[in-house]
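The values are calculated or read from the model by the stated rules, or taken from the named source; none is laboratory data. Predicted, not measured: the structure shown is a model, and the values here were computed from it. Don't worry about glycine lacking a Cβ; one is built from the backbone with ideal geometry, like all the others, and counts go over all protein chains shown.
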Amino acid sequence: MLLDRDCKQPKLGWMRYRKSRDILGEASNVTVSESCGKWYVSVQTEREAERPQHPSTSAVGMDWGVVNFVTLSDGEVVYQCQPLKSSCPN
C-alpha cells in the first residue's frame with residue numbers, strides 16, 4: 001500500500017514522497033536523487049536483526065572462505081590445520 005508522506009530536507013525544504021515500504025529502525029541517512037525527470041528518496045536505517053538459522057538438524061552446508069577456512073551452516077567455524085606451526089613430539 002502506497003502512502004503519501006512529507007519530509008523536510010535542509011536545502012530543499014518540505015517535500016512530499018510516496019512511501020512504498022515501511023521504514024524499519026532508526027533513519028541514519030536520507031538521499032534525494034533525480035533520474036530521468038523523476039525524484040527518488042532513499043532512506044538508510046540502523047536496526048538490530050536476528051541471525052537466520054536454518055531449522056534442519058540432519059544436513060549441514062559448508063562454505064570455504066578466505067577469513068575462515070570452513071564455516072558450517074549451523075554456525076560452527078573450522079580453522080585451517082597448520083601442522084608445520086605446531087611442535088612435533090620426538
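Below, the figures for the structure above:
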quantity: Residue in the range 45-55 that is on the phi < 0 side of the Ramachandran plot, part of a loop (DSSP other than H, G, I, E, B) and surrounded by 10 or more Cβ atoms within 10 Å (Cβ to Cβ) present; calculated: yes
quantity: Cβ-Cβ under 9 Å pairs, at least 6 apart or on other chains, the range 56-68 side assigned to a loop (DSSP other than H, G, I, E, B), far side among the aliphatic types (A, V, I, L, M) and modelled with pLDDT of 75 or more; calculated: V60/L72; G61/L72; N68/V77; N68/V78
quantity: All positions within the range 26-62 that are under 18 Å from K11 (Cβ atoms) and out of contact with any strand residue (DSSP E or B) (no Cβ under 6 Å at 6 or more places or on another chain); calculated: E34, W39
quantity: Residue count, the range 1-27 (criterion: at pLDDT 80 or above, outside any loop (DSSP other than H, G, I, E, B) and farther than 28 Å from G75 by Cβ); calculated: 3
